[in-house]
Amino acid sequence: MQVTPTLKPVQVLRRGVAATPAPAPRWPIADVAALFELPFNDLIYRAQQVHREHFDANELQLSTLLSIKTGGCEEDCGYCPQSVHFDTGVEAGKLLDPAAVAAAARAAREQGASRFCMGAAWRAPKDRDIEKVAELVRVVKAEGLEACCTLGMLSDTQAHALKDAGLDYYNHNLDTAPEAYGRFISTRTYDDRLQTLRRVRDAGISVCCGGIVGMGESRGERAGLVAQIANLDPYPESVPINQLVQVEGTPLHGTEPLEPFEFVRTIAVARITMPKARVRLSAGRQQLGDAVQALCFLAGANSIFYGDKLLTTGNPDWVADQRLLGTLGIVAR
Ligand code: SAM
Ligand code: DTB
Ligand code: SF4
């Protein structure tokens, strides 16, 4: 099926003078929604074509996650076990020291990871936190790995300080479609997130931005999320697609699980709309199982979180992943 971009009508000012129209989005929501509606085989075929045009289809990038500051977060993201608003049993910890981070980074590199992503349960770091995280970035770089951080909202100065420390990627997710956002989070806005993404981009750091599916959102809202990310200008270098990990105590625990083929469709649509991005099969791999993961790779996922823990929840261990990649003939980078 041919997806043609629709042009927005030129806006006309009251006095009859033509105003500069907002640039047409690269991916109108209707076109993204139309991709979701394709027969499954046609969608996967299109995603494979796009994937093979831009990547070696049998190659996978491995990122290892480490929670450098766990729990006690003041935000109320309804999916997250680290929020103080919910009783999930996650205990708040202090920021890890450089030696602990160096040891974890070395272990990740020895197991074949190429990127090390440090996550902190902050709404926004303080300037003195950034000084400490900058040191952690230097430690990770010294181990020969790409460094990524996800620390919450950043100011311009903070983004530049992280860039100066050598940070390669900053992860900040939009998480869901704008119209669904209020159902999950009340303590910061969608615009706050877009602003941080702009600051990261302007500081010269590569952008990692994705979202969560399986939160009870509609297909149209999944299309809305992908369209938002694909229409960032430029679109992110890295796009993590998380399946909700349901944690007892969070408001989203007990949500009707997403049908696995719908998850695969989301990966395929992300691949088609962001041809050169690393699309990462992120949280939820333990729940997906090997066969659905293989379908995700077929649909264009070419990155995973690698290591037996995400931030506070489980992930397949190194042995299981190496076995899966061996079975599929996929080579790590
Ligand atoms: N506190 C920072 C923030 O939210 O910007 C960074 C860490 S936060 C844990 C990073 C991302 O993890 C969230 O944006 C969300 O996409 C993802 N996440 C959190 N809890 C999750 C869950 N239960 N299942 C899937 N993804 C989750
Ligand atoms: C992302 O998109 N997913 C990762 C990473 N970026 C920071 C986090 C997943 C967290 C899953 C729930 C947990 O382990 O606490
Ligand atoms: Fe805090 Fe991030 Fe969890 Fe939201 S997702 S509660 S900001 S740690």
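When only the Cβ of Lys, Arg, Asp and Glu is charged (+1, +1, -1, -1), the dipole of the chain relative to its Cα centre reaches about 840 debye.
Does the stretch 58-204 classify as rounded, prolate or oblate by the C-alpha gyration tensor (a ≥ b ≥ c root eigenvalues; a/c under 1.5 gives rounded; else a/b over b/c gives prolate, otherwise oblate)? Prolate, because a/c is 1.5 or more and a/b exceeds b/c. A cut-off under 11 angstrom between Cβ atoms defines the neighbours of residue 305, and their net charge, with Lys, Arg +1 and Asp, Glu -1, is +2. Between Rg and the Kirkwood Rh of the chain, both from Cα atoms, what is the Rg to Rh ratio? Radius of gyration relative to Kirkwood radius: 0.96. Calculation over all alpha carbon pairs of the stretch 149-202 in 5 angstrom steps from 0 returns a P(r) of 4, 20, 31, 19, 13, 8, 4, 1 percent. Near residue 85, within a Cβ-to-Cβ distance under 14 Å, what is the net charge of the other residues, with Lys and Arg +1 and Asp and Glu -1? Taking every other residue near residue 85 into account, the sum is -2.
Ignoring lysines fewer than eight residues from residue 94 along the same chain, the ones with Cα atoms less than 25 angstrom from its Cα are 69, 126, 132, 141, 163, 309.
Just to be sure I understand: of the beta bridges DSSP finds with both ends in the stretch 41-188, what percent are antiparallel, rounded to 5? Within the stretch 41-188, antiparallel bridges account for around 0 percent of the total. The residues neighbouring residue 288, those whose beta-carbon lies less than 13 Å from its own, together hold a net charge of -3 under the Lys/Arg +1, Asp/Glu -1 convention. Here is how the number arises for the chain: DSSP H runs of 4 or more residues each give -39500 (n - 2.57), the sum is divided by the residue count, and the result at 222 nm is -12000 deg cm²/dmol.
Amide H contacts under 5 Å for residue 216: none, restricted to partners 5 or more places along the chain or on a different chain, H placed in the peptide plane at 1.01 Å from N. Taking the DSSP beta bridges in the stretch 28-327 as the whole, what percent of them are antiparallel, to the nearest 5? Bridges in the stretch 28-327 that DSSP calls antiparallel: roughly 5 percent.
The numbers here are math on the coordinates, done by the rules we state, and not lab data. Please read all numbers here as calculations on a predicted model, not as lab measurements. Heads up, the Cβs are rebuilt from the backbone with ideal geometry, glycines too, and the neighbour counts pull from every protein chain shown.
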